[in-house]
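Have a look at the structure below, then the notes.
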Amino acid sequence: MKFRTIFISDTHLGTRGCQAELLFDFLKQNEAEAYYLVGDIVDGWQLRRGWHWPQSHNDVVQSLLARAHDGASIIFIPGNHDEVMRSYLGTHFGGVEVVAEAEHVTADGRRFLVTHGDQFDSIVVNARWLAHVGDRAYEFALWLNIWFNRARRLWGGQYWSLSNWAKQQVKRAVNYISEYEQVLTDEARRGGYDGIICGHIHSANMRRIGDLDYVNTGDWVESCTAVVERDDGTLHLIDWASETRAGTQFAPRNILNPSFVNRRAQRRKKREAA
């Protein structure tokens, strides 16, 4: 589909938990006049600990660069995991503009502050060491998630985030998310914006908080979501993993095992015939 704008964050390219094949499939089937990469696109923290860069991750980068070459506007707002790029604010790389934050005006005239959001995270700001410890624990949870989904694929299942489900069950995590949403909305209000578009906490959401719109693009590790703007200025949250599971979109090969599905279909036909 063709959109006016696509917002993506927290892809964490360079990590084993990154759902790069799903992201590449999303980019193949959707395009826009402008793209906002809302932080943590490449995970510098993980790459410093060990190199992991399969072809699927390169495919995502090449797809974005090709769109910039074709004239699309691509704005990159570094997050805490790719903070090294904050040393290059105001520069362009292959048609990609690097900025600290951005203002986006929708087709219907609303002004949104676009920021990754880590600068409003008290843990990242005041206890950086704790953020790194939490990152290691999160990495372990994603490792479990990978093996869980490999087991699901053996039975013809598609991607489902065990780690995201667990996070939603923890009351403390829910309270943290609620506080984060309120802090960012307050920041947008102080700037005179109509809303805020952010990432960072891997919790996709679109809701009204007071008189402002709070929009979190989610991530491509757990939820596999993006936010799109249509030509009329309306914003929509796309859950690509759910759409793939529902069969409304083409399922990438690593998400669906075609040979297993074919065998299962054949067995079903035999049972029906009997």
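The values are calculated or read from the model by the stated rules, or taken from the named source; none is laboratory data. The structure presented is a predicted model; accordingly, all values stated were derived computationally and were not measured. Glycine also receives a Cβ, built like all others from the backbone with ideal geometry; neighbour counts cover every protein chain displayed.
Descriptive notes on the structure:
- For N58, the conditions (1) surrounded by fewer than 17 Cβ atoms within 10 Å (Cβ to Cβ); (2) assigned to a loop (DSSP other than H, G, I, E, B) are fulfilled apart from (2).
- Output for region 13-32, where each listed residue is more than 18 Å from H236 (Cβ to Cβ) and touching a strand residue (DSSP E or B) at 6+ places or on another chain (Cβ under 8 Å): L13, G14, A20
- Checking each residue in region 68-84 for being part of a helix (DSSP H, G or I) and touching a residue at least 40 places away in the same chain (Cβ under 8 Å) picks out only V84.
- Which listed residue, of G210, G233, G192, is out of contact with any His (no Cβ under 9 Å at 6 or more places or on another chain), farther than 16 Å from H104 by Cα and of a type in the set (G, A, S): G210
- Pairing residues of region 99-117 that are within 17 Å of D211 (Cα to Cα) and free of Cβ contacts under 8 Å to residues at least 24 places away in the same chain with residues that are assigned to a strand (DSSP E or B) and of a type in the set (V, I, T), at Cβ distances under 7 Å and at least 6 apart in sequence or on separate chains, gives no pairs at all.
- Test: residue in region 38-49 that is of a type in the set (A, V, I, L, M) and more than 20 Å from G199 (Cα to Cα): yes
- Residue check for G218: part of a loop (DSSP other than H, G, I, E, B), under 19 Å from the mean Cα position of the chain (by Cα) and not hydrophobic (A, V, I, L, M, F, W, C): yes
- Among the candidates V183, V170, residue that is of a type in the set (A, V, I, L, M, F, W, C), over 19 Å from the mean Cα position of the chain (by Cα) and at pLDDT 80 or above: V183
- Qualifying residues in region 109-134 (those that are among the small types (G, A, S) and in a helix (DSSP H, G or I)) - the one modelled with the lowest pLDDT: A131
- For the criterion of being over 28 Å from G109 (Cα atoms) and modelled with pLDDT of 95 or more, V38 fails.
- For region 5-36, the set of residues classified as charged (D, E, K, R), out of contact with any helix residue (DSSP H, G or I) (no Cβ under 8 Å at 6 or more places or on another chain) and more than 20 Å from E243 (Cβ to Cβ) consists of E33 only.
- Figure legend. Inter-residue proximity from region 25-54: first residues at positive phi and buried (at least 23 other Cβ atoms within 10 Å of the Cβ), second residues aliphatic (A, V, I, L, M) and assigned to a loop (DSSP other than H, G, I, E, B), beta-carbon distance below 7 Å, spacing 6+ or different chains. Indicated pairs: G39/I77.
- Checking each residue in region 218-246 for being in contact with an Asp or Glu (Cβ under 6 Å, 6 or more places away or on another chain) and among the aliphatic types (A, V, I, L, M) picks out only L235.
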